[in-house]
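Reviewing the structure listed below.
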Amino acid sequence: MASANVQGYVLPPILDSTSDPPPLFDGTTRLYISYSCPFVQRVWITRNYKGLEDKIKLVPINLQNRPAWYKEKVYPPNKVPSLEHDGKVIGESLDLIKYVDSNFEGPSLFPNDPTKKKFGEELLLYVDTFTGAIYNSFKSDPVKEADTQFDYLENSLKKFDDGPFFLGQLSLVDIAYIPFIERFQAFLADVWKYDIAAGRPKLAAWLEEFNKSDAYKITKTDPKELVEFYKKRFLDQH
C-alpha cells in the first residue's frame, strides 16, 4: 500500500467488484491505478510533479477483485494504469507519462535541448532492458547483474552536471526508472545484502533527491510489503 498520508493528503478508497463505477465519461479526467503497481507509479508521479492533483482524479482498483465495469466500460485490456480523458481511455505507462506531460499544464518534464532529448530517448528505450535483466537475475546471479545494470545507470547520471537527474533536471526518464529502482533497492538489500548506492555517488544523490519530494513520496509502497511480494513472486517463499 502506498503512503497513506503526506502533508495531510488522504488517498481515495480502493474500488472492488462490489463497487459502483464513477460517473464515467462525464468530463472528469481519471487515472485508474493500483497503489502498489510500478507502472501506475510512473503516471502518478508525473501527475504530481506537474501539479495536476485537482485536474486528474485517482481511481484505485483492486486488482485481485476487479470490478466488472472496469473491463466492460473503461479499459478492455483490464490493466492499470489507464487514463480517461476527453472521452477516450488510453493505457501503457510510458505512453501515458508522455501524454500527461504533453496534454496538461504544469512544468515540462522533457527537455528541448537536442543532446538531452536524444539521450533521454535512449534511456527510455533502455528501461525495459534494465528491468528485464534484474528480474531475470533473481533466478540466477542477482549481484552480478545488479553490478552491470546499476553501473550503467551510474555512468548515465554522469553525462550532464547541471543537476542530480539523468538529464540534469528532473524528467520523464527519472520517473520511468524510479518505481523499479525503489523495488530493486529494497529486495536486493533484504535478500542479498546488496546496496545499490554503494560506490555509486551519482545514484546515491539521485535517490536522495527523489526522497525529498512529496510528489514522489506519496506514491511509495512500504518497503517491507515490496520485499514480501517479491519473495513470493521470485523465491517462492511464504
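Numbers at a glance
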{"item": "Matching entry among VAL80, VAL89, VAL10, VAL59 (being among the β-branched types (Val, Ile, Thr) and either assigned by TED's automatic domain parsing to the domain that holds PRO223 or at pLDDT below 95 (or both))", "result": "VAL10"}
{"item": "GLU154, sole failed condition from (1) of a type in the set (D, E, K, R); (2) out of contact with any Pro (no Cβ under 9 Å at 6 or more places or on another chain); (3) within 28 Å of PHE234 (Cα to Cα)", "result": "(2)"}
{"item": "Region 222-238: number of residues that are surrounded by 15 or more Cβ atoms within 10 Å (Cβ to Cβ) and farther than 21 Å from SER137 by Cβ", "result": "0"}
{"item": "Flag for PHE150 being at pLDDT 95 or above, closer than 29 Å to ALA198 by Cβ and out of contact with any Ser or Thr (no Cβ under 8 Å at 6 or more places or on another chain)", "result": "yes"}
{"item": "Criterion violated by TYR70 - all others in (1) buried (at least 18 other Cβ atoms within 10 Å of the Cβ); (2) farther than 19 Å from ASP174 by Cα; (3) touching a helix residue (DSSP H, G or I) at 6+ places or on another chain (Cβ under 8 Å) satisfied", "result": "(3)"}
{"item": "Members of region 114-140 found to be surrounded by fewer than 12 Cβ atoms within 10 Å (Cβ to Cβ) and not in a helix (DSSP H, G or I), listed by number", "result": "LYS139, SER140"}
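The values are calculated or read from the model by the stated rules, or taken from the named source; none is laboratory data. Worth saying up front: this structure is predicted, and the values here are computed from it rather than measured. Positions of Cβ are generated from backbone atoms using ideal geometry, with glycine treated the same way; all protein chains shown enter the neighbour counts.
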